[in-house]
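*Asks:* One structure, pasted below without further comment.
The values are calculated or read from the model by the stated rules, or taken from the named source; none is laboratory data. Every value quoted in this text rests on a predicted model; they were computed, and no experiment measured them. Cβ placement follows ideal geometry from the backbone for every residue including glycine, while neighbour counts extend to all protein chains displayed. The protein model used for the area step is the full one, side chains on, heavy atoms only, and it has no ligands, DNA or RNA in it. Shrake-Rupley method; radii C 1.70, N 1.55, O 1.52, S 1.80 Å.
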Amino acid sequence: MADTLEFNEIYQEVKGSMNDGRLRLSRQGVIFKNSKTGKVDNIQASELAEGVWRRVALGHGLKLLTKNGHVYKYDGFRESEFDKLSDFFKAHYRLELAEKDLCVKGWNWGTVRFGGQLLSFDIGEQPVFEIPLSNVSQCTTGKNEVTLEFHQNDDAEVSLMEVRFYVPPTQEDGVDPVEAFAQNVLSKADVIQATGDAICIFRELQCLTPRGRYDIRIYPTFLHLHGKTFDYKIPYTTVLRLFLLPHKDQRQMFFVISLDPPIKQGQTRYHFLILLFSKDEDISLTLNMNEEEVEKRFEGRLTKNMSGSLYEMVSRVMKALVNRKITVPGNFQGHSGAQCITCSYKASSGLLYPLERGFIYVHKPPVHIRFDEISFVNFARGTTTTRSFDFEIETKQGTQYTFSSIEREEYGKLFDFVNAKKLNIKNRGLKEGMKQSYDEYADSDEDQHDAYLERMKEEGKIREENANDSSDGSGEETDESFNPGEEDDDVAEEFDSNASASSSSGDGDSDRDEKKPAKKAKIVKDRKPRKKQLESKKGKDPNAPKRPMSAYMLWLNANREKIKSDHPGISITDLSKKAGELWKAMSKEKKEEWDRKAEDARRDYEKAMKEYSVGSKSESSKMERSKKKKKKQEKQMKGKVEKKGAMSKSLSSTKSPAKNMSESFKSKEFVSSDESSSGESKKEDSEEEGVPSLPPSSEESASGSD
């Protein structure tokens with residue numbers, strides 16, 4: 001049998017809320033780590049008194065009772081795991097894992113039993129519900145009635161606030177059942193009562209969150225913040241961590257207390273209590289206890305009379321009472337020599353402290369991020385200026401934190417720190433000497449395989465290879481599509497049509513006729529290449545070969561239906577995630593098989609692409625030849641039409657010489673620039689000069705008489 005059992009996605013019931021985490025059972029005991037807070041519950045094997053297996057809302061649950069009366073509940077097990085757990089308990093803890101089902105009759109009359117920290121309401125031998133007495137904030141009594149009030153749970157959408165029990169009177173003399181019930185509850189309830197004197201008092205301490213000046217009264221089991229407007233009572237059991245952080249100016253100190261659950265002020269929740277001290281402020285402190293009590297309770301960690309800096313005294317007392325270590329910055333040093341980095345989070349400016357096991361931002365709002373909950377970090381360029389950059393952190397739950405406006409000089413120190421802590425860096429390669437390929441980054445990311453990213457990388461590689469292979473062919477195509485001589489011919493065509501239009505109008509002089517075509521020719525020169533660019537930006541050829549798929553995509557297409565059948569009703573997004581996990585877990589030998597298939601597909605694609613490119617070139621050359629032939633025919637047709645028009649005008653000029661001078665007059669410069677019909681027009685001019693008049697033909701004379 002295995003020495004350890006591990007379960008992921010197990011839920012621990014704490015004050016009515018279900019906190020997810022990981023459960024580990026070993027020979028030494030039971031360990032549960034909360035995914036949200038990182039808090040670890042450790043139950044020694046020798047402390048276990050009873051184990052109960054039962055059906056609950058989230059499947060099946062495990063309830064563990066310890067010898068000192070504490071109860072731990074873990075839900076989220078499958079029914080098939082009972083045998084494995086039962087055998088483990090017998091072998092290593094020597095306990096029988098008993099099966100007890102809850103009573104679901106719906107009766108509201110039964111028996112209340114008090115066992116350790118638990119109130120159990122039973123019908124017969126079966127429990128209906130159980131109340132951990134540590135959840136009770138107040139207990140009040142009335143005539144034959146007891147009312148229990150509970151701490152509000154901020155994480156739950158709906159919280160149970162009150163339960164009332166009716167206690168029938170008994171015939172026994174001298175025993176009040178209502179008072180006996182209330183005393184049993186109060187003896188185990190988490191009711192904070194300021195009984196007795198405080199151990200010590202710190203006056204007028206500056207508090208950043210919640211803001212103001214408070215007197216801090218230190219009691220044996222809780223901390224009392226007394227301000228002008230608000231009072232807070234903080235049990236030491238709610239303190240998660242303590243931090244002592246030096247300010248960047250080296251003259252002040254932050255003392256940070258992390259709380260779970262947080263303290264409340266109206267609808268505002270404060271997860272951190274932040275005190276600000278000056279290093280120059282000293283204090284002499286005397287504890288309100290005799291020396292024997294101090295020695296017995298604190299075992300040398302505190303003495304009755306102490307003196308020193310105020311921040312040292314507060315942190316020393318809190319460490320002794322809470323019994324937790326104080327976290328200080330590690331060996332990180334920024335560009336200016338400080339152990340923090342100035343930056344902005346959301347709308348406020350503050351300080352980011354790289355610690356040995358996480359990051360903490362002070363102070364508005366305070367943020368603490370542990371390394372074990374970070375998915376990756378990202379160094380991004382500043383949005384407003386190049387003199388700064390942004391530092392982004394994304395957690396495994398998908399929450400993103402962006403610390404902006406960090407000075408550019410801090411980049412090297414922060415990058416080296418992140419690299420030394422082996423955090424995943426999203427855009428690795430910004431710093432020389434630490435360049436990594438995209439593949440190495442993808443492999444180093446332990447969160448999950450990104451199927452879309454893998455596909456994009458493969459397509460990018462294929463595009464680069466194709467661009468290199470077909471660079472010569474594409475160059476020839478561009479030379480053909482951009483031919484200056486051809487373009488000049490096109491301009492001349494436009495020029496001819498404008499010339500004929502202007503000459504036939506008979507308005508204006510030769511200067512204006514020369515200027516107009518020049519302008520239009522300029523416009524045509526700018527427009528023609530743009531048309532050709534638009535023609536070149538046509539859609540893909542449907543006959544072109546399709547790009548080959550990557551090894552991962554080939555495997556996914558082959559196994560998609562199998563994954564769907566194994567997980568009925570799975571969404572497309574979840575299917576991609578699941579496929580990525582399976583691909584990542586696949587052995588190297590199996591992956592090589594799909595890599596070979598992908599390589600064969602790529603070779604086939606390259607071969608088909610070469611054949612396609614040769615065919616497309618021959619086809620394009622045919623089209624170019626047909627275009628040139630068509631243009632030549634159009635020019636010839638235009639020349640014939642203009643020749644006929646010029647002949648008719650010269651014949652009609654014998655009738656009215658004045659009209660002929662005004663209508664058919666052409667500048668030699670205008671006509672000489674016309675490339676397509678220059679020969680014919682010069683011939684006509686020579687005929688007009690040498691022969692003043694010609695006898696009209698019979699057809700023309702007839703038309704003239706008409």
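*Asks:* With a 1.4 Å probe and all protein chains in place, put GLU130, GLU312 in order of accessible area, largest first.
*Replies:* Numbers: GLU130 35, GLU312 85 Å².
In descending accessible area the options line up as GLU312, GLU130.
*Asks:* Same structure again: Rounded to the nearest 20 debye, what is the charge dipole size of region 219-266 about its Cα centre when +1 sits on each Lys and Arg Cβ and -1 on each Asp and Glu Cβ? List each step's numbers first, then the result.
*Replies:* Details: 6 positive and 3 negative charges, 19 e Å.
Its charge dipole is roughly 100 debye.
*Asks:* For region 25-65, how big is Rg over Rh, using alpha carbon atoms and the Kirkwood form of Rh?
*Replies:* Rg divided by Rh gives 1.02.
*Asks:* Relative contact order of region 111-187, please, whole-number percent, based on alpha carbon pairs below 8 angstrom and at least 6 residues apart. Mind dumping the intermediate values first?
*Replies:* Numbers: 109 pairs, mean separation 16.3, N = 77.
Reported as a whole number, the value is 21 percent.
*Asks:* Given an 8 Å cut-off on Cα distances and at least 6 residues of separation, report the relative contact order of region 341-421 as a percent. The partial results should precede the final answer.
*Replies:* Numbers: 136 pairs, mean separation 19.0, N = 81.
After rounding, I find 24 percent.
*Asks:* For region 247-309, what is the accessible area per residue in Å² when the probe is 1.4 Å?
*Replies:* Per residue, region 247-309 has an accessible area of 58 Å².
*Asks:* I'd like the FRET efficiency for ARG54 and LYS279, computed as 1/(1 + (r/R0)^6) with the beta carbon distance as r and R0 of 60 Å, rounded to 0.05. Intermediate results must be reported in sequence, preceding the final value.
*Replies:* Numbers: r = 56 Å, r/R0 = 0.94.
Efficiency, from the Cβ-Cβ distance: 0.60.
*Asks:* Which pairs in the list LYS610/LYS631; LYS233/LYS319; LYS105/LYS188; LYS413/LYS577; LYS228/LYS364 are over 26 Å apart, alpha-carbon to alpha-carbon?
*Replies:* In this structure, LYS610/LYS631; LYS105/LYS188; LYS413/LYS577 lie more than 26 Å apart at Cα.
*Asks:* What list of ³J(HN,Hα) couplings, whole Hz, do you get for region 305-314 from phi and the Karplus terms 6.51, -1.76, 1.60, once you set θ to phi - 60° and write x for glycine and proline?
*Replies:* After applying 6.51 cos²θ - 1.76 cosθ + 1.60, I find 10, 9, 8, x, 5, 4, 5, 5, 5, 4 Hz.
*Asks:* Something else: If I stretch the segment between VAL104 and LYS630 completely, what's the gain in nm (0.36 nm per residue apart, minus their alpha carbon distance), one decimal? If you can, show how the numbers build up before the last one.
*Replies:* Values: separation 526, 0.36 × 526 = 189.36 nm, distance 9.22 nm.
Result for the pair: 180.1 nm of gain on full extension.
*Asks:* Let me ask something additional. Per-residue HN-Hα couplings for region 93-102, Karplus 6.51 cos²θ - 1.76 cosθ + 1.60 at θ = phi - 60°, whole Hz, x for Gly and Pro?
*Replies:* 10, 6, 10, 8, 7, 7, 9, 9, 8, 6
*Asks:* Keeping all protein chains in position, work out how much accessible area ASP566 exposes to a 1.4 Å probe, and write it in Å² to the nearest 10.
*Replies:* We get 90 Å² for ASP566.
*Asks:* When only DSSP loop residues count, what GluC sites (Glu not before Pro) in region 198-305 have their Cβ near at most 16 other Cβ atoms within 10 Å?
*Replies:* On the way: sites: GLU204, GLU281, GLU291, GLU292, GLU293, GLU295, GLU299; in loops: GLU281, GLU299.
Loop-located and lightly packed - GLU281, GLU299.
*Asks:* Heavy atoms only, 1.4 Å probe, whole protein assembly: order TYR411, TYR345 by accessible area, highest first. Spell out each step's value before the answer.
*Replies:* Details: TYR411 40, TYR345 20 Å².
Accessible-area ranking of TYR411, TYR345, largest first: TYR411, TYR345.
*Asks:* Next up: Using modelled backbone amide H atoms (1.01 Å from N, in-plane), which distant-in-sequence or interchain residues come within less than 5 Å of GLY212's amide H?
*Replies:* The answer is CYS207.
*Asks:* What dipole magnitude, in Debye to the nearest 20, does region 4-99 give about its Cα centre under +1 on Lys/Arg Cβ and -1 on Asp/Glu Cβ? Walk me through the numbers on the way to the answer.
*Replies:* On the way: 16 positive and 14 negative charges, 60 e Å.
Taking the Cα centre of region 4-99 as origin, the dipole is about 280 debye.
*Asks:* Find how much the distance from SER571 to GLN206 grows on full extension, using 0.36 nm per residue of separation minus their present alpha carbon separation; answer in nm with one decimal.
*Replies:* Numbers: separation 365, 0.36 × 365 = 131.40 nm, distance 5.27 nm.
Result: 126.1 nm gained on full extension.
*Asks:* Set the Förster radius R0 to 30 Å, insert the Cβ-Cβ distance between SER309 and ASN42 as r into 1/(1 + (r/R0)^6), and round the FRET efficiency to 0.05.
*Replies:* Values: r = 34 Å, r/R0 = 1.14.
That gives a FRET efficiency of 0.30.
*Asks:* Test of understanding: what is the full-extension gain from VAL328 to ARG357, defined as 0.36 nm times their sequence separation minus their Cα-Cα distance? Spell out each step's value before the answer.
*Replies:* Values: separation 29, 0.36 × 29 = 10.44 nm, distance 1.06 nm.
Full extension from VAL328 to ARG357 adds 9.4 nm.
*Asks:* How big is the C-alpha Rg of region 200-327 next to the rule-of-thumb value 2.2 N^0.38 Å, as a ratio?
*Replies:* Details: Rg = 14.3 Å, N = 128, 2.2 N^0.38 = 13.9 Å.
Taking N as the residue count of region 200-327, the ratio is 1.03.
*Asks:* Sticking with this structure for a sec: Just to check I understand the Karplus step: with θ = phi - 60° and J = 6.51 cos²θ - 1.76 cosθ + 1.60, what whole-Hz values come out for region 329-336, glycine and proline as x?
*Replies:* Those phi angles translate into x, x, 8, 6, 9, x, 4, 8 Hz.
*Asks:* With a 1.4 Å probe and all protein chains kept in place, how do MET161, MET623, MET313 rank by accessible area, largest first? Let's see the in-between values first.
*Replies:* Working: MET161 85, MET623 105, MET313 10 Å².
Greatest to least solvent exposure: MET623, MET161, MET313.
*Asks:* Also: Could you compute how much accessible surface SER46 exposes when probed at 1.4 Å, giving the result in Å² to the nearest 10?
*Replies:* Probe radius 1.4 Å; accessible area of SER46 about 80 Å².
*Asks:* Grab region 4-99 and count how many Lys pairs have their alpha-carbon atoms under 22 Å apart, sequence gap of 8 or more, or different chains.
*Replies:* Taking region 4-99 as the scope, the lysine pair count is 20.
*Asks:* What accessible area, in Å² to the nearest ten, does a 1.4 Å probe give for HIS92?
*Replies:* 40 Å²
*Asks:* Let me ask something additional. Would you mind giving the three semi-axes, in whole Å and largest first, of the ellipsoid equivalent to region 341-421 according to its Cα gyration tensor?
*Replies:* Details: eigenvalues 66, 43, 30 Å².
Each semi-axis is the square root of five times an eigenvalue, giving 18, 15, 12 Å.
*Asks:* Looking at region 354-399, which trypsin sites (Lys or Arg not before Pro) are DSSP coil and have at most 15 other C-beta atoms within 10 Å of their C-beta? Display every interim value, and only then the final one.
*Replies:* Numbers: sites: ARG357, ARG370, ARG381, ARG387, LYS396; in loops: ARG357, ARG387, LYS396.
Sparse-neighbourhood loop trypsin sites (Lys or Arg not before Pro): ARG357, ARG387, LYS396.
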